[in-house]
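Some notes on the structure that comes next.
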Amino acid sequence: MSRTAIPPILPILIGRIAAAVPSRARATFIELLIGAVVTKGGHVTDAILAVGLSRAWTTYYWLLERGRWSWLLVWETLLGVLTELFAPPVWHVIIDDTVVEPISVKAPGSRIHHNHTTKPNRPRFLRGQGWLCLAAVLEREWKTGAVPLMLRLVRRGANRGKLTSARFLLRLLGTRLGRVRLLLDAWFMRAWLIEGAIADGHTVIGRVRRDLALHEVPRPPRQRRRGRPRKYGARMTRETIAALPVHRTAQILYGNLEVVRYRSCRVAARFLKGRVVRAVWMQLERPDRRDKPIEERLLICTDPDLPAIAIILSYAKRWSVEPLFFAMKHGWGLKDAWQQSRQGLMRWVTILAVGYAFNQMLAYTDPARIPGLADPAPWRPPGTRTAALIQAGIARILRVVGLPALVPVISRKSERQPQRYAHRQACTDANAA
């Protein structure tokens, strides 16, 4: 097959996403989207120059600042594309936040953040934009990667704004992915957010503090007594936890073969008002790190019937969001995405994120769907597929055949927006956000 052959899946994906935009702005949107797919910079000019300056600059400006299209509808369409390409029995979804460091005080949402990296050469506090990310985990041949589903700029204010934004992203997600296991770190393990996720039908798995108030599940009384039944049993102390049976297993975690030692039991969590959950105390065995032993971690799962090893394997997939954050800042230039208004910034970041999601999804999809698109270097193992290789393949096709060959032919019938989205098109992004 020719190196410049266009895989049929590529124009299909572009057409599906472009259908979420009104027909008047669709051609301009497609140009910016393809430019975001092939470029590694976050500036709008980088995307425009990548596809060729075929329109006036004011055309792109009006699309981002004053165009009548909804970036929330674009995210919703991306969810539909994701479910068509992948169909795992259980989806793993991650919610986490990161800080992008623009220096300007005039940047939308710019404020002082506490630096959690705790590196000796970094300040304790820094100015930047707080971004909340909802990502889905993709798996292929024991490798995991994260695809951004939704991004939201945290508004100015206290840290509770991140919890409010996280609940907003979960409401937008709804039940579109089916069975979902929500993976959270210790900061987002709050009762208000967990209860909302459970109400949506999701299973929450997260890490909590080891001194969390946990109690044994009380046994039902043999005879009926007066008053309310007991909600909590005895407190789970260090002695009680040490008396639990220890299990050892070898699993592939974080890309390596690790030996895990863990204890597990059903407990009643006080911060969840006595809800019965599965608690797992786990620790990685690494003989080569005797100078700095791996600390014990406490994981909580809202499904008490889920096995402990399944909880450990699921929570290990949360680490895939860290390479995603690195790619956000340095791979597709979120730190260079500059817009004067919050709405314009959210629209441009949505286009950037969808462009990266294209490359990531094609890297983890069936290789038969992308013939000749991923062309690794001779020194790399055959069959290597990464988002960067997919991006290079699309850029090679764009250079050879030009932009018109990548723009899908959309009939007039497909240009009509679905009737169920009519009310969303009438709303502005400012009110929806």
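Here are the numbers:
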| read-out | value |
| --- | --- |
| Relative contact order (percent, whole number), the chain, Cα cutoff 8 Å, 6+ residue spacing | 23 percent |
| Shape of the stretch 187-286, Cα gyration tensor, a/c cut at 1.5 | oblate |
| The chain - mean residue ellipticity at 222 nm from DSSP helices (-39,500 (n - 2.57) per run, n ≥ 4, rounded to 500) | -10000 deg cm²/dmol |
| Highest-first arrangement of 222-235, 29-42, where packing means the average Cβ count within 10 Å | 29-42, 222-235 |
| Antiparallel DSSP beta bridges within the chain, percent to nearest 5 | 85 percent |
| Estimated FRET transfer efficiency (GLU295, ALA368; beta-carbon r; R0 45 Å; 0.05) | 0.55 |
| Theoretical FRET efficiency, 1/(1+(r/R0)^6), r = Cβ-Cβ of THR384 and HIS330, R0 30 Å, to 0.05 | 0.90 |
| Partner lysines for LYS231 [C-alpha distance under 27 Å; skip if fewer than 8 residues away on the same chain] | LYS273 |
| Estimated inter-spin distance, VAL400 and ARG226, nm [label 7 Å along Cα→Cβ] | 8.7 nm |
| Spatial separation of Cα centroids for the stretch 1-50 and the stretch 67-135, in angstrom | 22 Å |
| Rounded if a/c under 1.5, otherwise prolate or oblate - the stretch 77-199, Cα gyration tensor axes | prolate |
| Highest average packing first - 50-56, 377-383, Cβ atoms within 10 Å | 50-56, 377-383 |
| Ranked by how many other beta carbons lie within 10 Å on average, peptides 352-361, 387-396, 133-142 from highest | 352-361, 387-396, 133-142 |
| Violating pairs (Cα-Cα greater than 26 angstrom) within the set LYS119/LYS162; LYS162/LYS317; LYS106/LYS329; LYS40/LYS162; LYS119/LYS317 | LYS40/LYS162 |
| Modelled FRET efficiency - R0 45 Å, ASP305 with ARG342, Cβ distances, 0.05 increments | 0.55 |
| Spacing of the two label points (7 Å from each Cα toward its C-beta) at ASP288 and VAL259, in nm | 1.4 nm |
| Nitroxide proxy distance, nm - points 7 Å out along Cα→Cβ at ASN121 and ILE252 | 3.5 nm |
| Gyration tensor verdict on the stretch 29-119 (Cα atoms; rounded if a/c is under 1.5, prolate if a/b is larger than b/c, oblate otherwise) | oblate |
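Coordinate-derived values only; no laboratory data. It should be emphasised that the depicted structure is a prediction, and the values quoted were computed from it without experimental measurement. Cβ sites come from the backbone with ideal geometry, for glycine too, and all protein chains shown count toward neighbours.
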